[in-house]
Amino acid sequence: MLLPKKIAAGIATLIGLTFFLPACEGETPPMENPPKEITTFSYTLVSTSGGADAVLSYEDLDGESGANPPSFLIEPLKANTSYTGTIILLNKRVSPAANITSEINAEAEDYQLFYETEGGANATFTYTDQDNNGNPIGIMTTLTTGNPGSGKIKISLLYQPAKDATGVASGDISNADGRKDKEVVFDVLIQ
């Protein structure tokens, strides 16, 4: 008669462990936010110094590995001029087009746009927007051009950058870490 009691106790223990052990494994981590699909990238620059406005835009409807190359519209910038800049990001591969800019604003603590120049693109950028923690987002900026020249303006969208790392709040991407969701390089002329 003891054997059935031991078997019953053993079965009860196994049943209890079946429910207990999965709970010990911890919770399932949340799904990572997938990279934003961005087909259209537009940087509208409104002159605050009386010069002509400008647009830097990129569109790649079939994606980076698609058969068609991206198209660019790059208007010249006036030397020694300040511009108020606004970024618009869209995904036109869905209908209606998804406004990625709104999504980034809604998740502002997790995103930051970075602006870099290369060559003779004499320009500086200042962030004019912030997330709820007072860190820059980069959708709205001030761009100030220097002397005439030509070069590149590179704009990168990072997901979960280290916003508190040295220099990141002022736009230094070198310490930002994070995942690069999009990077666009514009060949610009400052005249």
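At-a-glance table
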read-out	value
Spans of strands (runs of 3 or more DSSP E) in region 114-171 with at least 3 residues within 15 Å of Tyr83 (Cα to Cα)	123-127, 140-145
Failed criterion for Lys182 (all others in (1) closer than 17 Å to Leu89 by Cα; (2) surrounded by fewer than 19 Cβ atoms within 10 Å (Cβ to Cβ) hold)	(2)
Residue selected from region 21-50 under the condition surrounded by 10 or more Cβ atoms within 10 Å (Cβ to Cβ) and at pLDDT below 95, by the criterion farthest from the chain's Cα centre (by Cα)	Ser49
Pick from region 104-113, criterion in a helix (DSSP H, G or I) and among the charged types (D, E, K, R), ranking: surrounded by the most Cβ atoms within 10 Å (Cβ to Cβ)	Asp110
In region 65-75, residue surrounded by the fewest Cβ atoms within 10 Å (Cβ to Cβ) [restricted to those that are of a type in the set (A, V, I, L, M, F, W, C) and closer than 19 Å to Leu45 by Cβ]	Leu73
Flag if Thr101 is free of Cβ contacts under 8 Å to residues at least 60 places away in the same chain, surrounded by 15 or more Cβ atoms within 10 Å (Cβ to Cβ) and among the polar types (S, T, N, Q)	yes
Residue count for region 58-80, restricted to those that are within 21 Å of Pro96 (Cα to Cα), touching a Ser or Thr at 6+ places or on another chain (Cβ under 6 Å) and not charged (D, E, K, R)	1
The one condition in (1) more than 25 Å from Ala52 (Cα to Cα); (2) touching a residue at least 60 places away in the same chain (Cβ under 8 Å); (3) out of contact with any Gly (no Cβ under 7 Å at 6 or more places or on another chain) that Thr145 fails to fulfil	(1)
Set Ser150, Ser174, Ser156: member being of a type in the set (S, T, N, Q) and exposed (fewer than 14 other Cβ atoms within 10 Å of the Cβ)	Ser174
Any hit, region 67-78, residues being of a type in the set (S, T, N, Q) and over 17 Å from Asp187 (Cα atoms)	yes
Residue that is farthest from Thr142 (Cα to Cα), among those in region 87-103 that are β-branched (Val, Ile, Thr) and outside any loop (DSSP other than H, G, I, E, B)	Ile100
Selection status of Ile87, within 20 Å of Val55 (Cβ to Cβ) and touching a Phe, Trp or Tyr at 6+ places or on another chain (Cβ under 6 Å)	yes
Complete set of residues in region 118-143 that are crowded, with 17+ Cβ neighbours inside 10 Å and over 18 Å from the mean Cα position of the chain (by Cα)	Ala121, Asn122, Ala123, Leu143
Hits in region 53-86 (condition: part of a loop (DSSP other than H, G, I, E, B) and closer than 21 Å to Ile139 by Cα)	Asp53, Asp60, Glu75, Pro76, Thr81
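For (1) surrounded by 18 or more Cβ atoms within 10 Å (Cβ to Cβ); (2) more than 22 Å from Thr128 (Cβ to Cβ), each residue gets a yes or a no:
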{"position": "Gly63", "(1), (2)": "no, yes"}
{"position": "Leu77", "(1), (2)": "yes, no"}
{"position": "Asn80", "(1), (2)": "no, no"}
{"position": "Ile88", "(1), (2)": "no, no"}
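The values are calculated or read from the model by the stated rules, or taken from the named source; none is laboratory data. This structure is a prediction, so every number in the text was calculated from the model and none was measured. Here the Cβ is made from the backbone with ideal geometry for all residues, glycine too, and neighbour counts use every protein chain on show.
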